[in-house]
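The values are calculated or read from the model by the stated rules, or taken from the named source; none is laboratory data. Because the structure is predicted, anything quoted here is derived from the model rather than measured. Counting neighbours? That spans all protein chains shown, and the Cβs are built from the backbone with ideal geometry, glycine included. These area figures cover heavy atoms from the full protein model, side chains too; ligands, DNA and RNA do not enter into them. Shrake-Rupley method; radii C 1.70, N 1.55, O 1.52, S 1.80 Å.
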Amino acid sequence: MNKVEQALQSARETRALQIGVNILDRFPTLFAEQFPGKKAIIVADTTTYDVAGKAVFEYLADAGIPQETPFVFTDPDLYAEYNYLEQLENTLKQTDAIPVAVGSGTINDLTKLASHHVGRNYLCVATAASMDGYTAFGASVTYKNDKQMFECPAPQAVLADIEIIRHAPPEMTASGYADLFAKIPAGADWILSDELGEDAIDPTAWSIVQDGLQDALAYPDGARAGMAEAITPLIEGLMLGGFAMQWFRTSRPAAGAEHQFSHLWDMEHHTHNGKAPSHGFKVGLATLYVSALYEQLLQHPFEQLDVADCCAKWLEWEQLEAQAKAMFADTDFLETVLTELRAKYITKEELAIQLETLKARWPAIKGRLAKQLLPFAEVKRRLQLAGAPAEPEEIGISQARLRDSFLRAHHLRRRFTILDVAVRTACLDQWLDRIFQ
């Protein structure tokens with residue numbers, strides 16, 4: 001039994017995953033096994049319908065499986081936003097057909113949440129190795145200008161034809177590679193959280209994501225070239241990340257501080273050359289600079305930490321709340337910031353206990369982190385080989401804005417990460433000074 005088959009046993013919703021070359025013609029059998037006697041409705045956009053949706057429709061028709069007219073989004077600016085979700089929901093409410101999402105991030109998230117809202121499971125045909133959300137629990141959808149994670153089940157079955165996926169635009173593969181690379185610092189964040197009593201590591205979820213991660217990231221240049229032998233482990237790694245999220249019921253196993261940067265830029269409505277950079281590109285760039293922050297953390301003498309001084313600098317909640325209100329006064333997500341910041345706020349007494357733990361256990365913590373992480377230079381080299389951005393300007397983020405994003409991202413989510421360690425030890429500014437020199 002390989003690692004994908006093992007992980008599938010831990011999945012709470014996905015019952016079947018097929019990955020292989022030229023296997024799209026197997027989809028009718030997969031559909032009939034999962035939903036015997038049911039009708040299908042393909043959900044796609046104009047591009048993914050041409051790439052795979054039309055063929056899926058024809059295969060289902062040839063197999064005698066009844067279908068509704070495919071639902072094809074035609075808006076060239078389509079993204080995972082609630083208005084598009086409601087369009088799909090209105091169509092699904094008029095039929096009992098099983099949705100078949102043919103596409104990648106946007107199509108899958110919209111179909112996943114819409115299917116949940118109408119009380120139905122769905123299937124997915126992956127068209128690109130562009131993100132880890134195919135098999136993930138939850139859908140990332142923008143609602144009232146706030147990109148949110150909505151709880152909803154993963155697809156009941158997924159088919160990933162490598163021959164289709166390897167011919168996806170190279171920038172989509174690069175985006176997926178960067179999203180998968182983020183699991184390295186995300187793992188380090190979970191180690192910190194585990195060591196400091198915030199969020200214990202779940203062995204099953206950790207194993208699903210981390211055990212084969214280095215193998216999946218081993219061929220960035222091959223992935224960029226669309227080589228099947230590089231694309232296959234990449235898509236496997238992305239699917240495994242989703243299985244871990246199914247098991248753990250949150251994105252903790254697959255996302256850390258680097259995703260907080262991406263969420264921040266989404267909520268700030270950041271665009272570059274007229275459109276939002278891909279999720280993977282934002283996460284990849286943040287992964288690179290979070291790796292730089294980890295290099296600073298690993299060099300810091302925490303065994304000499306002045307806990308009393310850190311506690312003296314720690315703001316009371318009223319002070320922190322006022323600071324946050326000033327920092328995010330010109331945004332439309334201040335309420336989210338205050339909710340998340342309040343959820344993770346600790347008192348000076350609690351801070352002292354946590355920092356004493358950090359100080360006492362630093363040699364062991366440092367050893368675990370060093371084993372998990374890759375150096376900044378190696379992260380940058382691999383991202384460049386994969387064709388992903390390795391400079392902030394490549395996605396329209398200035399050096400000054402990137403630096404400012406470290407503190408802003410810290411305010412955005414309650415999840416404990418390296419950003420919390422940097423803030424709670426009063427080290428963030430000095431570490432950023434060194435990075436941005």
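Things to note:
- Overall, the accessible surface of region 70-122 at a probe of 1.4 angstrom is composed of carbon and sulfur to the extent of 39 percent.
- With every protein chain in place, region 16-55: carbon and sulfur % of accessible area (1.4 Å): 46
- Fraction of accessible area attributable to carbon and sulfur, region 144-201 (%, probe 1.4 Å): 48
- Accessible-area ranking of S278, S193, largest first, probe 1.4 Å: S278, S193
- Taking every alpha-carbon pair within the chain, the share separated by more than 37 Å comes to 24 percent.
- Local net charge near T232, Cβ-Cβ under 13 Å (Lys/Arg +1, Asp/Glu -1): -3
- Residue-normalised accessible area of region 88-191, expressed per residue, 1.4 Å probe, Å²: 26
- 1.4 Å probe accessible area per residue over region 245-314, in Å²: 35
- Cα-Cα separations in region 6-140 greater than 18 Å, expressed as whole percent: 51
- Kirkwood-type radius of region 305-437, with distances r between different C-alpha atoms, in Å: 17.0
- When you filter the trypsin sites (Lys or Arg not before Pro) in region 390-437 for DSSP loop state and at most 16 other Cβ atoms inside 10 Å of their Cβ, you are left with R414.
- Secondary-structure-derived ellipticity at 222 nm for the chain, considering helices only, amounts to -16500 deg cm²/dmol, per-run term -39500 (n - 2.57) for DSSP H runs with n ≥ 4.
- Convex hull of alpha carbon positions in region 109-258: directionally averaged projected area 9.2 nm².
- Pairwise label distance in nanometres, E151 with E393, each label 7 Å out on the Cα-Cβ vector: 4.6
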